[in-house]
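Chemist: Here it is, the structure, as structure tokens.
Every number in this text was worked out from the coordinates using simple rules, so none of it is lab data. What you see is a predicted model, and the numbers here were worked out from it, not measured in a lab. As a convention, Cβ positions derive from the backbone with ideal geometry for all residues, glycine included, and neighbour counts pool all protein chains shown.
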Amino acid sequence: MENTQNIELSRPVRIKDLKKRVTYVDIEASPEECQALAQRFRLPGIAELKAKARIERLGRDRAVRIDGTIMARLAYLSVVSLEPFETVIEDSFSEILSSEAAPKTDTEIELTPDDENMGLIEDGGFDLGEVLSQNLALLLDEHPRKPGEEDAPDGVVWADEDIEEAVPNPFSVLSEMRNRLRNGD
């Protein structure tokens, strides 16, 4: 298992210590862990972080499926006004960890579209806290705005569309001509 000294929210799990095929774990981060995670994710603060996880042993203990929910009460810095504001994030996650990059087992492991995340089990275990931290990072808003905040105070309109989509492609005229020639227009 990886070194857990530098992990902000560390909850090491050894697969051989899991007594049942399915194990349920509740995690609540301490104030110190929340503060360390806020620094890691460059947030003004995380007031509360809780998770409920279901760990299922798969493929003769060469893989585990982790499903659960994450709830975080945290503060963002608005990209429009640069003012801090609080919000609550609550969402589910699903991840499969394997002792091999591509598990080779006699038992078939069925992956669903929700199992897009796949990590590795090292030295017979994994850090559930780090799995939760990484899934929380995926849920964070890249461009947070305070509720009701659409435009900047100076009148600049903020939009989520990519700028590249708004700029016309100079080769689009040639593409249209090629399509017309192919269609006999």
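Chemist: Subtract the Cα-Cα distance of residue 32 and residue 89 from 0.36 nm times their separation in residues, and report this length gain in nm to one decimal.
Modeler: 18.6 nm
Chemist: In nm, give the distance between the simple-model label positions of residue 39 and residue 141, each being 7 Å from the Cα along the Cα-to-Cβ direction.
Modeler: 2.6 nm
Chemist: What's the ranking of 46-52, 90-96 by average number of surrounding C-beta atoms within 10 Å, highest first?
Modeler: Top of the packing list down: 46-52, 90-96.
Chemist: Efficiency by 1/(1 + (r/R0)^6): what FRET value for residue 82 and residue 19, r their Cβ-Cβ distance, R0 = 45 Å, to the nearest 0.05?
Modeler: It comes out at approximately 0.35.
Chemist: When the distances between all Cα atoms of the stretch 28-106 are binned every 5 Å from zero, what whole-number percent does each bin get?
Modeler: Pair shares across the bins are 3, 14, 18, 15, 14, 12, 10, 7, 4, 2, 1, 0.
Chemist: OK, next. What is the Rg over Rh value, at two decimals, for the stretch 17-63, using alpha-carbon atoms and the Kirkwood definition of Rh?
Modeler: 1.18
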